[in-house]
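Just so it is clear, none of the values below were taken in a lab; they were calculated from the coordinates. Everything quoted here is computed from the prediction, not taken from an experiment. Here the Cβ positions follow ideal geometry from the backbone for every residue, glycine too, while neighbour counts run over all protein chains shown.
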Amino acid sequence: MDLEHIWARLREKGLRMTPLKKEIVCLFLSGACGLSAREILGELAGSPHISSVHRCLASLEGAGFLRPDRSEESALRYRCSRSFYPDHGHFRCEDCGRRFPVRYRLPEDFLREMERSGGFIIAGSDLFLEGKCGRCSSKGN
């Protein structure tokens, strides 16, 4: 999906695509995932105020681009919704805490079997892996 198409979809939802919103959208479309508002702020050019970041996140959530996720530390983290970015997995380094997108997803056969056997209706799925990232594993920890 090209950026102009995404901007148009978000404008249809009533958003004005400011430079800050565009930068946040591009951050998530480049694979960023599971980031808190403070982590997002750290990835942005310039120095926007954290309240501006929070307002942009709220409007992008309201438009269906982002979905909030409470992490195990109870921090509010954001992910791109599956209607804008395909389902994908996540890897979290247990040493440094960094998160990485994983381009794999749970197989459709598995999801359909879970629905059939469990009586579920699955709206989305996440593959979550933990271990040590390349940087931490090379330290010999």
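Of note:
- Dividing the helix sum by the residues of the chain, where each DSSP H run of 4 or more adds -39500 (n - 2.57), gives a mean residue ellipticity at 222 nm of -11500 deg cm²/dmol.
- Difference of contour (0.36 nm per residue) and Cα-Cα distance, Lys132 to Glu94: 13.1 nm
- Taking all pairs of distinct alpha-carbon atoms in the range 88-141, Kirkwood radius in angstrom: 12.8 Å
- Contact order normalised by residue count of the chain, Cα under 8 Å, 6+ apart, percent: 20 percent
- Rg ratio (alpha-carbon, reference 2.2 N^0.38 Å) - the range 1-85: 1.01
- Listed peptides 126-133, 94-101, 45-52 appear in the order 94-101, 126-133, 45-52 once ranked by packing, highest mean of other Cβ atoms within 10 Å at the front.
- In a fully extended conformation the segment linking Arg55 and Asp69 would gain 3.4 nm over its present Cα-Cα distance, using 0.36 nm per residue.
- Label-to-label distance for Ser117 and Lys13 is 3.5 nm, based on points extended 7 Å past Cα in the beta-carbon direction.
- Averaging the sequence gap over all C-alpha pairs within less than 8 Å and six or more residues apart, then dividing by the number of residues, gives the range 88-141 a relative contact order of 47 percent.
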